[in-house]
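The values are calculated or read from the model by the stated rules, or taken from the named source; none is laboratory data. Since this is a predicted model, take the numbers as computed values, not measurements. Every residue, glycine among them, receives a Cβ derived from its backbone with ideal geometry; neighbour counts consider all protein chains shown.
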Ligand SMILES: Nc1ncnc2c1ncn2[C@@H]1O[C@H](COP(=O)(O)OP(=O)(O)OP(=O)(O)O)[C@@H](O)[C@H]1O
Ligand SMILES: [Mg+2]
């Protein structure tokens, strides 16, 4: 479950694209070993925030500070993407180490990860012939191979039916024992199932941050989600 120490500090992040502020002074503190959801209507700035954490997009102002478990703090803003991955803040797996000839240690690690995401019996299956949900789980597993301290998932349950979405939640609960998980999602059943903490973004600003029950009971949150069929379920 969520601990008390902060693993990622998002401080006063603003980003301006050609005069349009996609994010304005966003603050959030992600706790170690938590499953931290960012939700909000389309265009709220959720993906932009993940792009800033992983170094794909440079913020106009603010900083993202990573507090590794047993090393000095690392300022992620300003670092190139590959270095951020190397520091232990994972996003999609970089191809070479999977498709090179793996060592015995790497093979054992891959088996361990496939087991975690429920795909060990598919170890000999071509990725292309996996079902949609299984491909998503494989993507999660590929992030885990590098043993990151934080992984980030942008709508991991998109396109999944209810049973697969539920299984994704169970997989996240298992993975959380070994790392912190930042998730963007629209499916509120999934959020209810898997979230320790929820930050609601709206028009580039933090509307509120709380436990899932508090957030879903919040009148302003309900108002910004009005008309969103998926969110209302
Ligand atoms: N590179 C860019 N240049 C200009 N505008 C951008 C850029 N990236 C994102 N935006 C704009 O920033 C806003 C936030 O986009 P973002 O993709 O972060 O939203 P989101 O919350 O992930 O939405 P969704 O739920 O639809 O995925 C949108 O208005 C989008 O058009
Ligand atoms: Mg998005």
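Filter the stretch 146-155 for residues that are buried (at least 16 other Cβ atoms within 10 Å of the Cβ), in a loop (DSSP other than H, G, I, E, B) and either more than 12 Å from ligand 2 (Cβ to nearest atom) or over 12 Å from the mean Cα position of the chain (by Cα) (or both) and give the result. Before the answer, list the steps.
Of the stretch 146-155, the ones buried (at least 16 other Cβ atoms within 10 Å of the Cβ) are 146, 148-155.
Narrowing the set further to residues that are in a loop (DSSP other than H, G, I, E, B) leaves 146, 148-149, 155.
Residues satisfying the conditions are 146, 148, 149.
Report yes if some residue within the stretch 158-177 is under 11 Å from the mean Cα position of the chain (by Cα) and within 16 Å of ligand 1 (Cβ to nearest atom); otherwise report no. I'd like the intermediate steps shown before the answer.
Keep residues of the stretch 158-177 that are under 11 Å from the mean Cα position of the chain (by Cα), which gives 172.
Subset that is within 16 Å of ligand 1 (Cβ to nearest atom): none.
No, because not a single residue in the stretch 158-177 is under 11 Å from the mean Cα position of the chain (by Cα) and within 16 Å of ligand 1 (Cβ to nearest atom).
Failed condition for residue 190, given (1) surrounded by fewer than 21 Cβ atoms within 10 Å (Cβ to Cβ); (2) part of a helix (DSSP H, G or I); (3) at pLDDT 90 or above, with all others met?
(1)
Yes/no per residue for (1) in contact (Cβ under 8 Å) with a residue 24 or more places away in the chain; (2) within 16 Å of ligand 2 (Cβ to nearest atom):
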position	(1), (2)
12	yes, no
18	no, no
22	yes, yes
25	yes, no
32	yes, no
38	yes, yes
47	yes, yes
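Here is a yes/no grid of residues against (1) within 16 Å of the chain's Cα centre (by Cα); (2) on the phi > 0 side of the Ramachandran plot:
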position	(1), (2)
26	no, no
40	yes, yes
45	yes, yes
60	no, no
63	no, no
82	no, no
85	yes, no
88	yes, yes
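If the requirement is being within 18 Å of residue 46 (Cβ to Cβ) and either modelled with pLDDT under 85 or out of contact with any strand residue (DSSP E or B) (no Cβ under 7 Å at 6 or more places or on another chain) (or both), which of these qualifies: 127, 108, 158?
Working: 127 fails: within 18 Å of residue 46 (Cβ to Cβ); 108 fails: within 18 Å of residue 46 (Cβ to Cβ).
Every option except 158 fails the conditions.
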